[in-house]
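The values are calculated or read from the model by the stated rules, or taken from the named source; none is laboratory data. Note that the structure is predicted; figures quoted are calculated from it, not measured. We place every Cβ from the backbone using ideal geometry, glycine too, and count neighbours over all the protein chains shown.
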Amino acid sequence: MRDFTERSIEEEKLDRILETGRRAQSAANRQPWHFIVLRKGEREGLDELLHGDGFRRASVLIVTCADPEEAWIRNYDGKNYADVDAAIALTEMIAAATAEDLGTCWVASVDPVKAKQILGISDRMELVGILVLGYPFEPLRYEEKDRKEMSQVVHWGRW
């Protein structure tokens with residue numbers, strides 16, 4: 001969803017969404033995520049980084065960051081799971097918001113250096129995405145997007 005009404009999100013709905021993110025699964029239960037919640041009037045400078053007026057109308061932005069120093073690291077190859085864990089939490093918050101009849105959009109197309117400067121986020125943090133939340137103009141419709149065929153993504157036995 002890329003366009004929202006100006007209606008504010010109720011506190012109890014936002015609390016349930018954030019609680020879902022807080023309780024999300026993470027590798028070795030490290031929970032390396034941090035969520036910066038911004039309502040209208042708290043987003044000076046950040047709105048200009050978002051593409052489109054529809055995002056600017058949204059009631060809430062949740063800037064999702066990952067701290068690589070807090071994350072689990074896979075021994076075999078040194079893969080740091082900070083971004084994966086934050087993405088899991090962000091995705092679960094999208095599902096929670098949808099259950100609350102809210103529209104969402106995961107925005108990754110933003111200058112992370114500028115966004116971190118505007119919000120005072122530490123250099124060690126990775127900005128994973130911005131979750132835009134708000135009420136849609138019309139009730140949510142679940143239309144199937146163009147997706148790859150099952151045979152292109154599911155491999156039985158060996159690949």
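Out of the residues in region 123-159 that are surrounded by 10 or more Cβ atoms within 10 Å (Cβ to Cβ) and charged (D, E, K, R), which is nearest to Ile94 (Cα to Cα)?
Result: Glu126.
Please go through region 90-117 and give me each residue that is of a type outside the set (Ser, Thr, Tyr), within 20 Å of Pro139 (Cβ to Cβ) and not in a strand (DSSP E or B), ordered by number.
Once the filter is applied, which keeps residues that are of a type outside the set (Ser, Thr, Tyr), within 20 Å of Pro139 (Cβ to Cβ) and not in a strand (DSSP E or B), region 90-117 yields Ile94, Ala95, Ala96, Ala97, Ala99, Glu100, Asp101, Leu102.
Within the group Gly52, Gly78, which residue is on the phi > 0 side of the Ramachandran plot, more than 12 Å from the chain's Cα centre (by Cα), modelled with pLDDT under 95 and of a type outside the set (Asp, Glu)?
Step by step, each of Gly52, Gly78 is checked, and only Gly52 is on the phi > 0 side of the Ramachandran plot, more than 12 Å from the chain's Cα centre (by Cα), modelled with pLDDT under 95 and of a type outside the set (Asp, Glu).
Among the residues of region 1-41, how many are over 20 Å from Val128 (Cβ atoms) and either modelled with pLDDT under 95 or not polar (S, T, N, Q) (or both)?
Going through region 1-41 one residue at a time, the tally reaches 15.
Of all the residues that make up region 11-43, how many are without any contact (Cβ under 8 Å) to a residue 60 or more places away in the chain, part of a loop (DSSP other than H, G, I, E, B) and not basic (Lys, Arg)?
Of the residues in region 11-43, 4 are without any contact (Cβ under 8 Å) to a residue 60 or more places away in the chain, part of a loop (DSSP other than H, G, I, E, B) and not basic (Lys, Arg).
Does region 71-87 hold any residues that are among the polar types (S, T, N, Q) and assigned to a loop (DSSP other than H, G, I, E, B), and which are they?
Listed by number, the list holds a single entry, Asn75.
With under 22 Å from Asp101 (Cβ atoms), touching a His at 6+ places or on another chain (Cβ under 8 Å) and among the hydroxyl-bearing types (Ser, Thr, Tyr) as the only criterion, which of Thr64, Thr20 stands out?
Residue meeting the stated conditions: Thr64.
Can you tell me which residue among Ala86, Ala66, Ala95 is aliphatic (A, V, I, L, M), under 12 Å from the mean Cα position of the chain (by Cα) and surrounded by fewer than 17 Cβ atoms within 10 Å (Cβ to Cβ)?
Ala95
Identify the residue in region 16-44 that is of a type in the set (Gly, Ala, Ser) and under 14 Å from the mean Cα position of the chain (by Cα) and, among all such residues, is surrounded by the fewest Cβ atoms within 10 Å (Cβ to Cβ).
Going through the qualifying residues, I end up with Ala24.
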